[in-house]
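Structure record follows, encoded as C-alpha cells.
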Amino acid sequence: MIADKVLSQSELFIGLPPEAPRVVAAACQARRFPKGSVLFEKGDPGDSLYILLSGKVRIYRESLAGKLKTLAYFHPPQVFGEMSLVEDRPRSATAVAEEATEVLVLYRDYYLQLIRRYPLLAHNLARIVAARLREMNDEVLFLTFEEARSKVAFALLKLRRHRHGAPREQGWFVPIVHQEIANLAGTSRETATRVVHELRDRGVIESVPGGLLLKDLEALETVLYGL
Ligand code: CMP
C-alpha cells in the first residue's frame, strides 16, 4: 500500500520495527481535501494527529488586527495536529490545503493504544515537537530583533530548508507571492516587495512566473546575518 511507503519515510518511525508503518496506517482514517479547503480552524476541538500523504498544508494564525502569520508549511510525510492530540486542547492554529491533499488521521484512542505497543513512537513525536520549538526560537529571535532584510532572508531560507518548492537549473524555485513572504516574515507587503527587489538587484534571487528563484543561498545566509 502507498500509505505505508510514505509513512515509513516519516521521522515518526525511526527505530521502529518494519511492520509499524503498516500497523499505524491501518489504525488511521484516510481523508482527502481539495485545494483551498480548511482541514481545521484554530479553536476547533482536536483529538487527532494528521500525517500528510500527498499535497501541501499551510498552518497560520491571525492577529487581532486581522494580519496573517504563516507558521509553517507541511509536506509529505510530515505530521501536524499533534499539539491538540497530546494536550487535549483546541487546535492552536488553522490548517489549509494549499494543493489537493491526502492525509491519514490518527485519533487519540488509537494513538494511545499504539504507543503502548511502540513506545518509541511517542519519543519520536516528542523529537519532532522539540525540533519545531528549536526552529521557532530562531524565528522569534529574527522576527523580534532583526531588520526586514534578515526577516525576509530567514523566511526564504526556512522554505528552502523545508524543501518547499522544487530545484531548477539556476537555483531553488519557491512558489510564493509577496503578500505570503510578508505573512511569513512578519512585515508589510510593501516592505517584503522592497526587500525582494533589493535582493533581486543584488543577484541573490530572481523573480520568475509563479514565484522566486533562490539563486545564491550563501549570499542569502549572509543577508540573514545582516552582512
Ligand atoms: P494543533 O494545535 O493540534 O493544530 C495546529 C497545528 O499546527 C499544531 O497542532 C501543530 O501541529 C502545528 N503548529 C502550530 N504551531 C506551529 C509552529 N510554530 N511551527 C510548526 N507547526 C506548528
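A short reminder: the numbers here are calculations on the coordinates, not readings from a lab. None of the values given here were measured: they were computed from a predicted structure. When we count neighbours, we look across all protein chains shown, and the Cβ atoms used for this are built from the backbone with ideal geometry, even at glycine.
Observations, loosely collected:
- Here the simple spin-label model places points 7 Å from the Cα toward Cβ, and for Ala100 and Ile128 these points are separated by 2.5 nm.
- The stretch 133-183, relative contact order in percent, only Cα pairs under 8 angstrom and at least six apart counted: 25
- Take every Cα pair under 8 Å whose residues are at least 6 apart in sequence, average their separation, divide by the length of the stretch 1-125, and the relative contact order is 36 percent.
- Whole-number D in µm² s⁻¹ for the stretch 1-154, Kirkwood Cα-pair radius fed into Stokes-Einstein, 10 °C, 1.306 mPa s: 97
- Highest average packing first - 141-148, 46-53, Cβ atoms within 10 Å: 46-53, 141-148
- Normalised by the number of residues in the stretch 163-227, the average gap of Cα pairs under 8 Å and 6 or more apart makes the relative contact order 31 percent.
- Packing order of peptides 120-128, 108-116, 182-190, highest average first: 182-190, 120-128, 108-116 (average count of other Cβ atoms within 10 Å over each peptide's residues).
- Span-rule helices in the chain, defined as complete DSSP H runs reaching 27 Å or more along the axis (Cα) with Kyte mean at least -1.0: 119-145
- The distance between label points at Thr193 and Val140 comes to 3.3 nm (points 7 Å beyond Cα on the Cα→Cβ vector).
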